[in-house]
Amino acid sequence: MGTLDNKIAIVTGAGQGIGSAIAIRFAREGACVTVAELNEAKGQTIADGITAAGGKAIFTKCDVGNSADCD
């Protein structure tokens, strides 16, 4: 059992760097992860990698600087 089982995590900027590392770690700990990223290719790649490794993840295109995207 992971420390984040049955939790949902929304990770912004998850397409690279610290954001992707956090998304991957949360998924390994059992969270269902939303990979929120402006760059579709990078975000989808991270989400696909998480699911390929047995985790649960979806990609959502999101610009946190745009309030409509956050709604």
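Read-outs: derived from the displayed coordinates by stated rules, not from any lab. Fair warning: this is a prediction, and the values are worked out from it, not measured in the lab. Note: ideal-geometry Cβ built from the backbone for every residue, glycine included; neighbour counts use all protein chains shown.
Quick notes on this one:
- Around residue 29: net Lys/Arg minus Asp/Glu count, Cβ-Cβ under 12 Å: +3
- Relative to the dominant Cα principal axis of the chain, helix 17-28 is inclined by about 40°.
- Were the residues from residue 64 through residue 16 laid out at 0.36 nm apart, the gain over their Cα-Cα distance would be 15.7 nm.
- Sequence-distant contacts, meaning Cα pairs under 8 Å at least 6 residues apart, place the relative contact order of the chain at 29 percent.
- Positive minus negative residues near residue 44 (Lys, Arg vs Asp, Glu; Cβ under 10 Å): -1
- Principal-axis tilt of helix 40-52 within the chain, Cα atoms, nearest 10 degrees: 10
- Estimated purely from DSSP H runs of n ≥ 4, each contributing -39500 (n - 2.57), the mean residue ellipticity at 222 nm for the chain is -12000 deg cm²/dmol once divided by its residues.
- 16 Å cut-off, amide nitrogen to a point 7 angstrom out along residue 8 Cα→Cβ, residues in region 39-71: 56-61, 70-71
- When +1 charges are put on Lys and Arg Cβ atoms and -1 charges on Asp and Glu Cβ atoms, the dipole computed for the chain relative to its Cα centre reaches about 260 debye.
- Solution diffusion estimate, µm²/s, Stokes-Einstein, the chain, Kirkwood Rh from C-alpha pairs, 20 °C, viscosity 1.002 mPa s: 184
- Packing-based ranking, highest mean first, of 34-43, 13-22 given that Cβ atoms within 10 Å are counted: 34-43, 13-22
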